[in-house]
Structures are given as structure tokens and as C-alpha cells.
Amino acid sequence: MKPAAPDTIAAIATPPGRGAVGMVRISGPLTPRICQALAGDLPPPRRAVLRSFRDSSGQPVDQGLLLYFPSPRSYTGEDVLELHGHGGPVVLGLLLQAACAAGARPARPGEFSERAFLNGCIDLAQAEAVADLIDASSRSAARAALHSLQGEFSRRVQGLLDELIAVRADLEAALDFADEEVPWITPQTLHERIAGLVEITEDLSREAAHGRRLREGMTVAIAGRPNVGKSTLLNRLAGAEAAIVSPHAGTTRDLLREHITIDGLPLTVIDTAGLRDSDDPVEREGVRRAWSALEKAELILFLAEDPQGLTAADAGLLAKLPQDIETLLLLNKCDLSARPPQRGQDEQGRVTLRLSAAAGQGLDLLKAEIKRAAGFTSAGAEGLFTARARHLDALHQAKASLRLARAHAARNESPELIAEELRLSQQALDEITGRFSSEDLLGRIFASFCIGK
Ligand SMILES: Nc1nc2c(ncn2[C@@H]2O[C@H](COP(=O)(O)OP(=O)(O)OP(=O)(O)O)[C@@H](O)[C@H]2O)c(=O)[nH]1
Ligand SMILES: [Mg+2]
């Protein structure tokens, strides 16, 4: 891993535009010198003092609070200076310019957090949580990001790593002293301990999937023949008359997107044109767009009509849906067939739900099913943490290696094979906290941050 760059960086840390307060943040070894140029002598550590701030020609341009955090007790671990002035773009621009004239250079996006990571103040999952907290789009997402920032997720990963490393150590010892027949670890204990690791990893994966949904949400597409009630369902879920509903088949042409939240789970729900062959070029384009939206969805709500049941046309469409995307089969208009809302399963194991979008019956069943499909099942929001796709990939890899190790152990196969799988799973888990991450990965992660963070 590269050492922290020794140069000094500066940035306007508050958002662009005008505001009551604006902040310039500086980090690096030249901080004391820059402080001298902009605001006079260094103030006592971590104590706010009122100072006038000067531009690069030494002219006072603002006055405000000055804060100094000497290394290592600062966000980045380096000497950090914060100038809290008035939030006008001109004044803040002049202060940034003055900092650069005194030896700093403008920071890249995320560079403060990157330094905090490189200096060991936070690990990679925590650094990512900083960005997640800033980007949080709901209260639950913000709370989960804070938990990650405070190290909840990292601690869980570390706990798993500790046990994994302990098993590896015992196994490697047994390998080293194989000739001496020391019973370091019996095949049965080994199998039990690896099985335990698999379980912990599975739990962690499930919770991480939940955390990822909180952050990224899920795209849900509504599909089906014309007139089955797709737009009615969209309106019902959105709680608004977003789409035109009419008894005329072929009403919807364009894709219509609504952002909704179910118990903190952010969803983008897409209404699509009714799927059928048509001579009308506009409708044909609508159907083409519908198929393309279905290919990209993460969950498909396929509607048919309960009074008619599944028609041959419905079955034909179902067979053409992307097979790797979960599809819920919704039998709508159950108010007409006078049958109660109900959950069931078809022969292919697909979940079926009888409901009525117009009458608002069975909506709670649908919402529960959507949450389940999103992996959004943990009971309380307390222990939640945010996670990203990259964390899930790493957990997935670790899980795959651990399962192989478990299978080898169950068949009492060569300990070398088991040791190798354990090594691979540790490598995957280490990527989460960033202990062994490529520079390329780090560059990509921090580049997505905002400037000044
Ligand atoms: N009785 C009853 N009628 C419904 C229900 N859902 C929808 N409808 C009616 O069915 C007709 C078609 O509804 P839409 O929501 O426009 O259907 P759609 O699937 O979007 O149709 P296209 O956009 O043409 O593909 C309208 O007259 C709705 O009022 C329901 O649950 N019960
Ligand atoms: Mg419609």
C-alpha cells in the first residue's frame, strides 16, 4: 500500500453556492505555515478562535472561526486546519487560492478520506460509509451508514476474520507437525469450525444485502398484457395518479418511473406498455421499451387477471421473461372474481399473489413479498449497516471458498486443499476493510466522493 503523500491539500468543504457558513479545510505538513499566511499564529489545538482571514495578497477578506487539529488526532491523521467563514463563493475561492499560494494544492474528490484510510484512522468500509452517509436518501439509510462509519460492519467482518485466522493457524500447525501425530485439530472439530464460519458468513451476507438495498434500492418493473391493471397498480403503490388508467387496451406507451419507499426500502417502480403484437408503430416502440426495461429490472411484477386465470397469452409472455430475474405472478382484479387476496406458488415455484390494485386488496401481501425479494428481512433497524456491491462480492467469494473447504473437510480430504480455500476466503474478506486492496480499487472508491471529504 502506498504511504500517505507528504504534500498538503486544501479544498472548500462546503457545497458550492451561497450559505451562512462556508468552510475551507487544509491537511498536511505545511498546515502551520499556511495558517500563518491566512490567519496568523496557530491557535491552541481543537479550540475555536475568532480570526480575520487574509487572501494571498495579505488583505483581510473575511472573519470567522479557526480550528486546528494537530496530527495524529485529526480526521486525516495529519495536521488539519479548518477556516469557517461566511459561505460566499468569492470569499471561499480567495481563501483556497491563498492556501495554494502558501504551498497547498487543491484536493481531489475524497482525498481527505483517502488520507484518513491510508493513515489508519479508518478502514475502507468506514471510509465508504462516510460517502454513504452524505448520500443517504432516507433516515434508515443514514442510520445504517452511521453504524458502518462507527465500525459496526468492520467489527463484524473482523470477528469473522479472527475466527477464520484461528482455524487457519491450527490447521497450518497440524500440517507442519503432521509426522509427529500431534492431535492439533481432529477432522471432526475442523469440519465443525468451518461449518460455523460458513454460517457466520451467510448471516453477514444476508445483512449486507439488506444494507446494500437501503443504500441502492431496487428496480421493479410491472409487466403483462394490455388492460390487466399495470398502471392502476403503479398508482396504488405510488399513492398518486401518476399513470393514465383507462378501459382501453394499449393506454400506456412510454415507460413511467415512480420512486417509492416501503418501510425504508427505496424502490424505482416502472410501469410499461401492455405486451402484445401491434400494427401501430408507436405502440410497437412502447412494447420494445417495455422488454428492454424488463431485461434491466431486479424484480418483475407480472400481472394477469384473476377472473380469467392465466391465459395462453399470459403463459407465452411468462416464458419469454428473463429467467434469471425473480418474477412475482400477480392475479389482479380479485374483486371481480370475489375471491380473497392470497399468496401461493405455481408449479415452477414462482410466488403467486391474488390481489386487486383498484380495490387496494392484498397490497400488504405484495409489499411483504417485495421486501423479501429484496433481501430486506432483518427485523429491527438497530444493528443495520450499509454495504456496497463490492462488499457483497467479497462476502460471496469468501462464502464460496468456505463452502468448498467445508465439503473437503466433510470428506476428510487433504488438509492442504482445505488450507488453500481458507486462505482464499481470508483474502476476499480482507478486501472489505481494505487491508489488501489494489491501488486501482482504492482510486475508484475515493474518486466517487465529493471534494473536501
Ligand atoms: N375491477 C377492477 N378493475 C381494475 C383493477 N385494476 C385495474 N382495473 C381496471 O382495468 C382497466 C385497465 O387498467 P389499467 O391500469 O389502465 O391497465 P394497464 O395494464 O395499465 O393497461 P395498458 O396500459 O393498456 O397496458 C381500467 O378500467 C381499470 O380501472 C382491479 O383490481 N379491479
Ligand atoms: Mg397502463
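Just so it is clear, none of the values below were taken in a lab; they were calculated from the coordinates. A quick note: this is a predicted structure, and the numbers were derived from the prediction, not measured. Methodologically, a virtual Cβ is constructed for each residue, glycine included, from the backbone with ideal geometry; neighbour enumeration extends over all protein chains shown.
In the chain, what percentage of the DSSP-assigned beta bridges are antiparallel, given to the nearest 5?
60 percent
Across segment 218-373, how many lysine pairs, 8 or more apart or on two chains, come within less than 19 Å at their alpha-carbon atoms? Mind dumping the intermediate values first?
Numbers: K230/K296; K230/K320; K230/K333; K230/K367; K296/K320; K296/K371; K333/K367.
The number of close lysine pairs in segment 218-373 is 7.
Given only helices, namely DSSP H runs of n ≥ 4 each adding -39500 (n - 2.57), what is the per-residue ellipticity at 222 nm of the chain, to the nearest 500 deg cm²/dmol?
Working: 15 runs with 207 residues, N = 453.
About -14500 deg cm²/dmol.
Once you put a point 7 Å from the Cα of A313 and another 7 Å from the Cα of V49, both along the Cβ direction, what distance in nm separates them?
Modelled inter-label distance: 8.0 nm.
Just to confirm my numbers, what's the Cα centroid distance between segment 240-260 and segment 1-75 in Å?
53 Å
Only four residue types carry charge here, +1 at the Cβ of Lys and Arg and -1 at the Cβ of Asp and Glu. Report the dipole size of the chain about the Cα centre in Debye, rounded to the nearest 20.
1680 debye
Place a label point 7 angstrom from the Cα of S71 along the Cα-to-Cβ direction, then list the residues of segment 27-50 whose backbone nitrogen is under 16 Å away.
Once the point is set 7 Å along Cα→Cβ of S71, 27-35 turn out to lie under 16 Å by backbone N, inside segment 27-50.
Give me the Å³ per residue figure for the convex hull around the C-alpha atoms of segment 271-396.
Measuring per residue, one finds 153 Å³ for the Cα hull of segment 271-396.
Place a +1 charge on the Cβ of each Lys and Arg in segment 276-399 and a -1 charge on the Cβ of each Asp and Glu, then give the dipole magnitude about the Cα centre in debye, rounded to the nearest 20.
In debye, rounded to 20, segment 276-399 gives about 440.
Mind giving me the nanometre distance, one decimal, between the label points for E172 and H86, set 7 Å out from Cα along Cα→Cβ?
The modelled label-to-label distance comes out at 6.2 nm.
Under 29 Å between alpha carbons, and skipping anything fewer than 8 positions from K453 in its own chain: which lysines qualify?
Here the lysines satisfying the reach criterion relative to K453 are K2.
Stretched out fully, how many nm does the piece from S292 to D280 gain, at 0.36 nm a residue minus the Cα gap? Display every interim value, and only then the final one.
On the way: separation 12, 0.36 × 12 = 4.32 nm, distance 1.86 nm.
Between S292 and D280, full extension yields 2.5 nm more.
If you keep only loop residues by DSSP, which GluC sites (Glu not before Pro) in segment 128-214 have at most 12 other Cβ atoms within 10 Å of their Cβ?
E181
Can you list the HN-Hα couplings for segment 419-426, worked out from phi with the Karplus curve (6.51, -1.76, 1.60; θ = phi - 60°), rounded to whole Hz and with x for Gly and Pro?
For segment 419-426, the Karplus-derived couplings read 4, 5, 5, 5, 4, 5, 5, 5 Hz, x marking Gly and Pro.
When you count, for each residue, the other Cβ atoms within 10 Å and take the mean per peptide, how do 31-40, 132-141 rank with the highest first? Could you put the intermediate results ahead of the total?
Details: 31-40: 19.4, 132-141: 17.3.
Those peptides, ordered most packed to least, come out 31-40, 132-141.
Could you tell me which residue out of L395, M23, L363 lies farthest along the dipole of the chain toward its positive end? Charges go on the beta carbon: Lys and Arg +1, Asp and Glu -1, centred on the Cα centre.
Ranked along the dipole, the leading option is M23.
Which log10 I(q)/I(0) values, to two decimals, does segment 32-76 give at q = 0.20, 0.21, 0.32 Å⁻¹ under the Debye formula with one point per Cα?
-0.63, -0.69, -1.17
Take A410 and L336, extend 7 Å from each Cα along the Cα→Cβ direction, and tell me the distance between the two endpoints in nm.
Computed distance between label sites A410 and L336 equals 5.0 nm.
Farthest toward the dipole's positive end in the chain, which of A129, H408, A173, given Cβ charges of +1 (Lys, Arg) and -1 (Asp, Glu) about the Cα centre?
In the chain, that residue is A129.
Would you please give the FRET efficiency between Q427 and D263, computed as 1/(1 + (r/R0)^6) with r the Cβ-Cβ distance and R0 = 45 Å, to the nearest 0.05? Could you put the intermediate results ahead of the total?
On the way: r = 36 Å, r/R0 = 0.80.
Approximately 0.80, to the nearest 0.05.
Can you sort H391, H248, H191, H396 by how many other beta carbons sit within 10 Å, fewest first?
Going from sparsest to densest Cβ surroundings: H248, H396, H191, H391.
In whole Hz, what ³J(HN,Hα) sequence does segment 334-340 give by Karplus (6.51, -1.76, 1.60; θ = phi - 60°), x for Gly and Pro?
6, 5, 6, 7, 6, 10, x
Relative contact order, percent, of segment 270-381 when contacts are C-alpha pairs under 8 Å separated by at least 6 residues?
18 percent
Using the crude model of +1 on Lys and Arg Cβ and -1 on Asp and Glu Cβ, and no other charge, please compute the dipole size for segment 9-122 relative to its Cα centre, in debye to 20.
80 debye
On the principal axes of its Cα set, how long, how wide and how thick is the chain? Give whole Å, largest value first.
82, 74, 37
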